[in-house]
Amino acid sequence: MRKLLTIFFLLPLFSNAQVRFSNDKPKFGETVSFIYNPSQSPLANLSTIKASAFFFSEKLAFTAPKTITLQRNGQEWRGEINLNSKETVGVLMAFRDSTDKIFDTNKDKGYVILLHDSLQNPVKGAYLGLAMNYGYANTHPSFKFAKDITNQVVLMEKEFQSHSELKKDVLMMYLSLLGISKKEGYKETIESELTAKYGDNADLKANELMQIWSLYSLTGNKKAEKYHTLLIEKEPKGFFAQQERSRQIIEENDADKKLALFESFEKDFPNAVSLYLSAGFIANIYVDRKDTAKLKQLVRKYEAKVDAMFYNSVASKMAEKNLDLKTAEAFSLKSIEAYEAEKKKLPKSNRPYDLIFRDTYATILEKQGRLKEALENYKLALGNTPEEWSSKVNESYILLAIKLGQTDEAKTKGEAFIKAGKSTEKIRTVIKNLYIKDNGKKGGEAYISSLEQNIKEKNKNEILSQMISETAPNFELKDLSGKNINLTDLRGKVVILDFWATWCGPCIRSFPGMQKAQEKYKNNPNVKFLFINTWEQGNDYLPKVKKLITDKKYTDFTVPVDVDSKIVTSYKVEAIPTKFVIDTEGNIRFKRRGSSDETEEIVEEVSLMIDTLLKESKK
C-alpha cells in the first residue's frame, strides 16, 4: 500500500468529523486516501469494521457496492478509494460491523466524494448519480439508509441547474420522486413540466398515459380523470382497465351493487389476474349473508387461483360469525397447507403467516368444542420465540389451558408471557389468581409487578434513549366537524399526533390500542390526541374518511384533515403510521414510525412517553 498523504481536509458538503479525506475535489484517475474515526459513531470501540461503497456513474445504472480494505491505526481506520474508472462520477460510502448489524451511515447521508472538473465544479452527472444511489442505499443490506426522498429531489434539482440537458432523461423519475416528497410547490412543478412535455396531446402510448395519470393522481389534479379515460379507451381490455374494474368493486359499499360489478367483471374479463383478488370481497358478502351455498360455489370456481391468504381470511370471518364451522375448518386447513408453497410471495407481516393461519384454525376448533385439539394448535400458533408471540394468541392459550385444568402449564407459560411483555389483563389476572390460590390473598399484585419489572425497565430505557428535542412545526387544520385545530392553541399540553390514511392497514390496526390509550387519559386536560388524516388519494375522499371513523366506532377521535399533505411534509414523514409526541413547550420529543398490532403494547408505549413528558413539565 502506497504511503498515505499526511494532510487531510473535510469534505464540506457531505462529510462530518468521522471521516477525513485527502482531497475534497478529486479528478478522474486520482486516489483519495481517508481516515475514519468511529469514536463518535455506533461503531466505537469495535475490533473489526468494514467499509462498502457505491461507485456511481451518470448512466444511473445500479452497480453492486465494492468492499474497501481498511487498516487499523490505533483508534482510527485508514483506506483508499481509486477513481480510475472513466464512468465513475462519485462514491457513496458507509461503515458497518463484522455482523452487518451495526452501521455508521452518517445520519443516512453516507460519506460522499464527487469527482470535479478542471474548474473545480462537480462533473456532469455527479449530483444525479448520488441522488439515484441514495435510493439504492435504502434497501441494500450493506447500507440500510433511511429513505429521504426530499434529499434525492434536491440533488436532482442541483444537477439540473448546471446540466439541464440531463433532465429529459430522468424527467418522469424526477417528477415521481417530487410528488412523493411533496416538496413545496410540487403540484405546480409537476403540472408545468407535464404541460411543457406533452401539451394537450392525447395520442400517446399507454405507458406515457399511465405515467401522466399517476402523476396527476399523486397531486390530486382533476386532469387525472382525463388520462384515466384515455387509458381505458386506448386499451379497453388492458391491465389498467382491469385494475379500474377491480377498484370499483373494492370501493363500492353497497353489497348488491358490489355483486353486480363483480358479475360484470367476470363476464368482460374472465381471465383477469385481479379477478380472484376481487373474489375475496364477494366472499365476505356471502359470509355476512350466511349464504354458504354461494360461498362454496365461489370458492370452487376460483380454487385454482385463490391463495392461502384468501382461505384464511374467509375462514376467519366465518369463525367470527359462527358460520358453518366445518366448512370454515376446511378452508383454514387449506391456508395452512398452501403456506409452504406460497410463503416467499406473501407480504410482510409482524408475525409469520403460518402462526396467523394456525391461530385461525385453533379458534375454529375451539368454537366446535374440540378443546384439546384447539389447545394443541394454539400452542403451535404461539411460535418459538418471544419475538413471535402475540398477546392475543397467548391469551387464548392460557384461558383454554385453565379451562382444561392444565394449571401448571398455564402458570409456566403465563409467567413467561408476562416477563416478555406479551401478556394481557386477562393473563395477568389468571396468573395472579393462581398465585393467590397457592399463597393467600396478600402479595398478588406485587408478584405480577415483579414479573413485569425487567421488561418494563427495558422498554422504558429503550424508549427514553430515543428522546429528541425538535421544534414542532405549527399547523392549523379543520377536523371532520369543521372545527379549526391549531397546534399553538394546545401549548401547555402533551400532544400526540398520529398520521394515518384510510388505505393504510397498519394505521387502522393500531387504532384499537390508540383508542385505549386515549381513553386512559380522557380526564386529563393536559393530554390531547390528534389523528391527522393525510396522503389520501383522489379528490372526493372525505366521505370515505368519515365513514371509516363511524363504522369502526372511532367517533371519539379528533381527526384533523391534512388536505394538501403540507403538514405531513413539514413533519418529514416518510411512511405511515408515524406518531409524534410533543411536550408542553411545543417540542417534538418522540417520533415512532410503524406500529404494533398489539393493543396493550401500544398503550404501554404511548403511556410511557406521555407520563415522561407530564412529569418533566412539573419540574
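The values are calculated or read from the model by the stated rules, or taken from the named source; none is laboratory data. Just so we're clear, the structure is a prediction, and the values are computed from it rather than from any experiment. Heads up, the Cβs are rebuilt from the backbone with ideal geometry, glycines too, and the neighbour counts pull from every protein chain shown. Only protein heavy atoms, including side chains, enter the accessible area calculation; ligands, DNA and RNA are left aside. Shrake-Rupley method; radii C 1.70, N 1.55, O 1.52, S 1.80 Å.
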Skipping prolines and chain starts, which residues have an amide H placed within reach, meaning under 5 Å, of the one on Ile68, given they are 5 or more residues away or on another chain? Ala51, Ser52, Ala53
Show me, bin by bin at 10 Å from 0, the whole-percent P(r) of the stretch 298-377 based on Cα pairs. 20, 52, 26, 2
The chain - mean residue ellipticity at 222 nm from DSSP helices (-39,500 (n - 2.57) per run, n ≥ 4, rounded to 500): -15500 deg cm²/dmol
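Once fully extended, how much extra length lies between Thr69 and Lys520, figured as 0.36 nm per residue of separation less the alpha-carbon to alpha-carbon distance?
Computed gain between Thr69 and Lys520 is 156.9 nm.
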Förster-model FRET efficiency, 41 Å R0, Glu574 and Asp291, C-beta, rounded to 0.05: 0.40
Keeping the other protein chains in place, figure out the carbon and sulfur percent of the accessible area of the stretch 179-268, with a 1.4 Å probe. 49 percent
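Quick check: at a probe of 1.4 Å, how many percent of the accessible area of the stretch 504-580 sits on carbon and sulfur atoms?
Of the solvent-accessible surface of the stretch 504-580, carbon and sulfur hold 52 percent.
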Distance in nm between pseudo-label sites at Lys547 and Ala341 (7 Å out along the Cβ direction from Cα): 3.6 nm
Using alpha carbon centers only, the stretch 90-152 is separated from the stretch 370-436 by a whole-angstrom value of 47 Å
Straight-line reach from Lys267: which lysines have Cα under 22 Å away, leaving out those fewer than 8 places along the same chain? Lys234, Lys237, Lys257, Lys258, Lys294, Lys296, Lys301, Lys305
For the stretch 408-418, just list the computed ³J(HN,Hα) in residue order, Karplus coefficients 6.51, -1.76 and 1.60, θ = phi - 60°, integers in Hz, with x standing in for Gly and Pro. 5, 5, 4, 5, 4, 5, x, 4, 5, 5, 5
With both partners inside the stretch 427-562, how many of the DSSP beta bridges are antiparallel, as a percent to the nearest 5? 35 percent
Within 15 Å, Cβ to Cβ, of Thr471, how many net charges do the neighbouring residues add up to if Lys/Arg are +1 and Asp/Glu are -1? +1
Taking placed amide H atoms and a strict 5 Å upper bound, the residues 5 or more places from Thr578 or on another chain that come that close are Phe499, Gly594
What ³J(HN,Hα) values, in whole Hz, does the Karplus curve 6.51 cos²θ - 1.76 cosθ + 1.60 give for the stretch 317-323 when θ = phi - 60°, with x put for Gly and Pro? 5, 5, 5, 4, 8, 6, 9
Counting only protein heavy atoms and a 1.4 Å probe, tell me what percentage of the stretch 351-427's accessible area is made up of carbon and sulfur. 49 percent
Shape call for the chain, from the Cα gyration tensor axes a ≥ b ≥ c (a/c under 1.5 means rounded, otherwise prolate when a/b beats b/c, else oblate), comes out oblate
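Kindly report the accessible area of the stretch 346-477 per residue (heavy atoms of protein chains, probe 1.4 Å, no ligands, DNA or RNA), in Å². It would help to have the intermediate numbers written out before the result.
On the way: 7280 Å² over 132 residues.
It amounts to 55 Å² per residue over the stretch 346-477.
Pop the C-beta distance of Lys456 and Glu387 into the FRET formula with R0 = 22 Å and round what comes out to the nearest 0.05. Kindly include the intermediate steps, with their values, before the conclusion.
On the way: r = 18 Å, r/R0 = 0.80.
Plugging the Cβ-Cβ distance into 1/(1 + (r/R0)^6) gives 0.80.
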Treating only the Cβ atoms of Lys and Arg (+1) and Asp and Glu (-1) as charged, compute the dipole magnitude of the chain about its Cα centre; round to the nearest 20 debye. 1000 debye
In the chain, with Lys and Arg counted as +1 and Asp and Glu as -1 at Cβ, which of these residues, Asn454, Val495, Tyr174, has the Cα nearest the positive end of the dipole, that is, farthest along it? Asn454
Could you check the spin-label model distance between Lys205 and Met467? Points 7 Å from the Cα along Cα→Cβ, value in nm. 5.7 nm
Semi-axes of the equivalent ellipsoid for the stretch 98-170, Cα gyration tensor, largest first, Å: 26, 14, 9
May I ask what percent, to the nearest 5, of DSSP beta bridges between residues of the stretch 463-533 are antiparallel? 30 percent
Quote the charge dipole size of the stretch 278-332 about the Cα centre in Debye, to the nearest 20; the model charges only the Cβ of Lys and Arg (+1) and of Asp and Glu (-1). 200 debye
In whole angstrom, how far apart do the alpha carbon centroids of the stretch 551-593 and the stretch 480-529 sit? 8 Å
List the residues whose amide H sits under 5 Å from the amide H of Ala472, counting only those 5 or more places along or on another chain, with H placed 1.01 Å from N in the peptide plane. Asn587, Ile588
Spacing of the two label points (7 Å from each Cα toward its C-beta) at Lys27 and Asn587, in nm: 4.9 nm
At 1.4 Å probe size, with every protein chain present, just tell me what the per residue accessible area of the stretch 157-292 comes to in Å². 55 Å²
Rg/Rh for the stretch 447-606: what does it come to with C-alpha atoms and Rh from Kirkwood? 0.97
HN-Hα couplings for the stretch 384-389 via Karplus (6.51, -1.76, 1.60; θ = phi - 60°), in whole Hz with x for Gly/Pro, come out as 9, 9, x, 5, 8, 5
In degrees from 0 to 90, rounded to the nearest 10, what is the angle of the helix 223-234 Cα long axis to the longest principal axis of the chain? 80 degrees
Compute, for Trp503, the solvent-accessible surface of its heavy atoms (probe 1.4 Å) with the complete set of protein chains present, and express it in square angstrom to the nearest 10. 120 Å²
